[in-house]
Amino acid sequence: MLLTHQRQSRFELFIYYVVAFLLLWEWLRPLQDFTETSHTSYFIIFIGLTCLFTFFRLKWYVTFPICAGLILLALYLIFYQSEPSYPAALFADMKDNITLMSTGMWSDMYPSFRTLLFYILLWLLVYLLHYWVVYQQRIFFFLLMTIVYVTILDTFTPYDATFAIVRIMVFGFCLLGLLYFDRLRSAEGVRVSQKARLHWFLPMLALVLVSASLGASLPKSNPKWPDPVPFFKAVTNQDGTAGQNKVGYSADDSSLGGPFSEDRTPVFKWSGKEPSYFRVETKSIYTGKGWEDASNDAKPTRLKDDDVPNRWFTERVKTEVHETRVDMEADYRFNHAVYPIGTITLTPMENIPLQMMGKTEKIVPTNQNPPKNLGNYQISFLSPTFILEDLQQIKVPTKQQVNQQVGSEYLQLPSTLPERVKTLANSLTETKDNMYDKAKAIEGYLGSAKFSYETQNVAVPGRNEDYVDQFLFDTMIGYCDNFSTSMIVMLRSIGIPARWVKGYTSGQLYETQIDGNNVYEVTNNNAHSWVEVYFPNRGWVTFEPTKGFTNPETFTNEAVSSDQTDDQKDEEDQPASDAQEDQRTQQPQQQETGQPAEPKEQTAQTKPSMVNVGSILGYVAGAVVLLGFISWMLYRFRARWLPFFIVRKVNRLPDEEAFFYAYAALLKQLKRRGMEKKPGMTLREFASLIDGKDGDHHMSELTQLYERALYRREDASALWRQSAKLWENLINRR
């Protein structure tokens, strides 16, 4: 096969690499559509450059530092721009994730570390494709897996693979034809001119293009089998009716819409004096069909001494401390916590270690084998009181202010959002001059007689329809997901940061205790979604756009003091401080009955990212050069430091195995020093050669003992104990 590779022209190889790169690209295209992965352009650039390096057959000590530098640069740009010490932060994250991997907690790995592993996987995959295409001259298996991959995504995710299938078939059949031609040529041992190659390739290309064009343009028959997606959704929701969702918590909100059936199954009971909404998680990425998690998720934060790390309100917001106890039903099949906004401590009765997922604010166990659910736990939370006059003095923030205080994801909108949605939002709010009044105008519009609350006759948007656009202009019928999503999209379209929250309302009164606390029962029917709006230097404020539901937050008309007003104006003219950036607010709301909700993750604030590109490139270039030099030095002088690790490994081996491994390692070490055993040379001849250079008989003595263990089958353990010191002196020599 190596001769075949050498006979191939550079142009042929280039064509092979280009087509292989295009096939690998098809694996990356859908990632932004059905996962939380963003910045796929970085991955595409990386595999393109790696293919180019492989094509030019650059030495490893050239490609390794460059590729490693590209990975480090991408990780910095995606995750670590706001870190004051990038290398230290990366090293600390790697150390934490290696610990998580060693304990089997794969799902808790940080996004930055998962991205690093994905880059390494792509790097290895490029070399695997190089081996398949250039040496094995076969690509059918990879082509088949690519087709299966995109067809499954087309069926079960929002990704549209119509044109991807056509591209894959064209690229794949062209490459199959070229490789088959090369295998024939190699089998027959003939040389083929470029003209003959063209006579083979051009008709094949024409046939592939004509076939693909006909296949794509001809009318298609209707599906013979029903869509399997509703069936699987029904099964996962434990609902026997295919095509209809079951009310309750669900982790998938990527495709909203459709009717749902009621479910009075109890979820939890809670007792306390201050009713509130109970949140599970938040989401920030609106796709046009539903909600996805924020892309650059922060690493989980463990709850130390039961303290919840988030702060949803700044010190400017008046709050009161309240206590509540939550008792999860034994049959509840999720292990997340439900908690009011403003929670400051969460104490499980069974001493279960917990962590908060950064972007979603979802609280889950850190255990490798988490419990079925959290059981019973005690919560302390801050209940806010917002002053209307204070909120009405806050203007719509700039994009820079939003990015500095909470993150640009809270203004994200899909490029496919119809323009009439933005036009409607502007027309509803153009007469208002502050954030609060603009938000209330949109909330009031959704609560008007134009819209109806309905759980059965609810439409699902088509492939080319937007979920919010359909609700606002076509159906005007829906439940909490329709109302909350529509309000967030309209708020974002006028520059107001907002996010989607999923959880439960307060439920129904169950009993009154002797101490005066009320006990409420929350069922799947109380699942709900609502809106949280970020007010600069105040925090997250809850809004309730769904008809029939009441905002549980407290608002007052208490006048604002003059000192507070002056201080407020100063704050609005300046970026938020670091402490204020860490204070993010959320506010739950209490309700009677709930509705279907399907939560996911979202979240936390993004740190400021003022990046000097020139400085970054300079640091990266320096790091790449330094890494390359260190790698070269380690390789160049490996014969001096490798014996240390070899000796340690041999000392850990059983005596009956150590001698055989140690002697083979000694031969490799001698080869590194330039003393290689030639083919046909016996071990004794080689040992005499070594002793002649060293001026002693140590190698011959060790070889005689080794041959007794190898050929005479004498006690290898006893012989190793006799020769261990002699071997160690030989391998550490020079």
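The values are calculated or read from the model by the stated rules, or taken from the named source; none is laboratory data. Quick caveat: nothing in here was measured; it's all calculated off a predicted structure. Don't worry about glycine lacking a Cβ; one is built from the backbone with ideal geometry, like all the others, and counts go over all protein chains shown. Areas reflect the complete protein model, heavy atoms only, side chains present, ligands, DNA and RNA absent. Shrake-Rupley method; radii C 1.70, N 1.55, O 1.52, S 1.80 Å.
Details
- Heavy atoms of the protein chains alone define the surface here; on that basis the range 10-217 has 52 Å² accessible area per residue at 1.4 Å probe size.
- By average C-beta atoms within 10 angstrom, highest first, the peptides 508-518, 401-411, 691-701, 537-547: 537-547, 401-411, 691-701, 508-518
- Sorting the segments 339-352, 304-317, 477-490 by their mean number of nearby beta carbons within 10 angstrom, highest to lowest, gives 477-490, 339-352, 304-317.
- Surface calculation, 1.4 Å probe, protein heavy atoms: S380 sits at approximately 20 Å² accessible.
- Amide proton proximity set for S261, modelled H, under 5 Å, gap of 5+: N245, K246, V247
- Using the Cβ-Cβ distance between A330 and D305 with R0 = 30 Å, the FRET efficiency computed as 1/(1 + (r/R0)^6) comes to roughly 0.65.
- Here's how it looks for V280: its modeled amide H is under 5 Å from those of K502, G503, Y504, which are all 5 or more places away or on a different chain.
- Three-way shape label, the range 57-180, alpha-carbon gyration tensor, a/c 1.5: prolate
- Checking the Cα-Cα distances for K95/K362; K289/K440; K440/K547; K318/K359 against a 19 Å cut-off, the pairs over it are K95/K362; K289/K440; K318/K359.
- Centroid-to-centroid separation of the range 179-207 and the range 660-734 [C-alpha atoms, Å]: 53
- Euclidean distance between Cα centres, the range 473-539 to the range 377-396, Å: 15
- For T343, the residues 5 or more places off, or on other chains, whose built amide H falls under 5 Å of its own are L382.
- In this structure, T155 and L634 have a Cβ-Cβ separation that, at R0 = 51 Å, corresponds to a calculated FRET efficiency of about 0.55.
- From phi via Karplus (6.51, -1.76, 1.60), per-residue ³J(HN,Hα) for the range 710-724 in Hz, x at Gly/Pro: 7, 9, 8, 6, 6, 4, 5, 5, 5, 5, 5, 5, 6, 10, 4
- Shape box of the range 249-556 [Cα atoms, principal axes, largest first, Å]: 52, 43, 39
- Distance from the Cα centroid of the range 401-432 to that of the range 129-150 is 44 Å (rounded to whole angstrom).
- The range 657-734: chymotrypsin sites (Phe, Trp or Tyr not before Pro) in DSSP loop, at most 14 other beta carbons within 10 Å: Y711
- Cα-based Kirkwood hydrodynamic radius, the range 10-217, one decimal, Å: 19.4
- For the range 635-732: rounded, prolate or oblate by the Cα gyration tensor [a/c cutoff 1.5]: oblate
- Lysine pairs within the range 635-732, Cα separation less than 17 Å, 8 or more sequence positions apart or different chains: 7
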